Amino acid sequence: MEILTKYFLGIVLTILVAIISMYISDFVPMHLISASVFALLLGMLLNPVFSKYSFFKGGIVFVSSKILRLSIILMGLTLSFSQVLYVGKYSLFVMLFTLVAAFGGGYLVGKLFNMHWKLSSLISAGTGICGGSAIAAIAPTIDAEDKFIAYAISATFIFDIIMVIIFPIMGRHFDMSDMGFGLWAGTAINDTSSVVAAGYAYSDAAGGYSVIVKLTRTLSIIPTVLIFSFIKMKADALDGNTHDRKKVSFKRIFPYFIILFLLMVGIRSIGIVSDNISFHASEISKFLMVMALAAIGLKTNFKEVSASGPKPMIHGFIISTLVVIVAFLVQKMLGQL
């Protein structure tokens, strides 16, 4: 009974915020703004009200950490290693350049703006990989603060909204093929919903290609999390936190939820899971992700986020623009436009 009262109200609150956010998202043309973004913003708006009541805290904290990881694990059932082979060597080659541009450029801009490395890294991950999902996956690996998560997601989704409108126009201006546009949108736009909106706004074929590229791009979450686990361990060592042996354990280098995520991808790849189960797992994963971002919003004080100033937002725009340009130039070099 004590566990029920400790977590129940907070969990119910995140569910309600998630449902409302998904309802609002359905009214946005072409789903330009995903439910996850609405959940984060709505949660932040409600923070001053519900943060006053301690009986919500346990459930909110539980959803923002445990449910967040569960949503990432289930995401693995929507992906297959065969997708990498299906998309082909060109998309993987382009993604290699865009990831280097996102993280390399993000590091340099972060240094220039004197930003905290965790915030800079989250923005780069959201830009280089897959928006909110990548940010959510890497955040617990580096113990990022909730305000960093909120700002990173905000920095990437605003750019996405602009790109959904501009990308089809630019694609037609450059007379891009369906494959070329799908590859460009899938490697340069951040959030999955924005990729889908831009791809299908160009053509049905381009939309199909862009989704496949985007799902393949999501697989880069795995090596990225491993790299940041190692970086976090080294940062802890430099800060004098080596007294805790757990800091250098295998679990710290390879977080359990990513191991389970990889296991789910493997299960999907060998055909144990049917398309129907994969579809339902995807829907559940999306809802849990919306819940988790609602919880993060409910834990985040807007004043603390705004205190970071405009630099993180400018950082996000610079890196996003760099990724768009690099993806276009690499495809032009390969003759895939």
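Since every read-out is calculated from the coordinates, none of them should be taken as a lab result. In this text, all values refer to a predicted model and were calculated from it rather than measured experimentally. No Cβ is skipped: glycine too gets one built from the backbone with ideal geometry, and neighbour counts run over all protein chains shown.
Below are the figures for this structure:
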quantity: Mean Cα-pair separation over length for the chain, i.e. relative contact order, pairs under 8 Å, 6 or more apart, %; calculated: 34 percent
quantity: Helix-only CD estimate at 222 nm, as mean residue ellipticity for the chain, using -39500 (n - 2.57) per DSSP H run (n ≥ 4); calculated: -24500 deg cm²/dmol
quantity: Cα-based helix-to-principal-axis angle, 204-218 vs the chain, degrees rounded to 10; calculated: 50 degrees
quantity: Residue order, fewest to most surrounding Cβ atoms within 10 angstrom, among Val61, Val225, Val196; calculated: Val61, Val196, Val225
quantity: Kirkwood Rh and Cα Rg combined as Rg over Rh, evaluated for the chain; calculated: 0.96
quantity: Förster radius 25 Å - calculated FRET efficiency between Ile161 and Phe81, Cβ distance, rounded to 0.05; calculated: 0.20
quantity: Projected-area mean, the stretch 12-84, by convex hull of Cα positions, square nanometres; calculated: 6.3 nm²
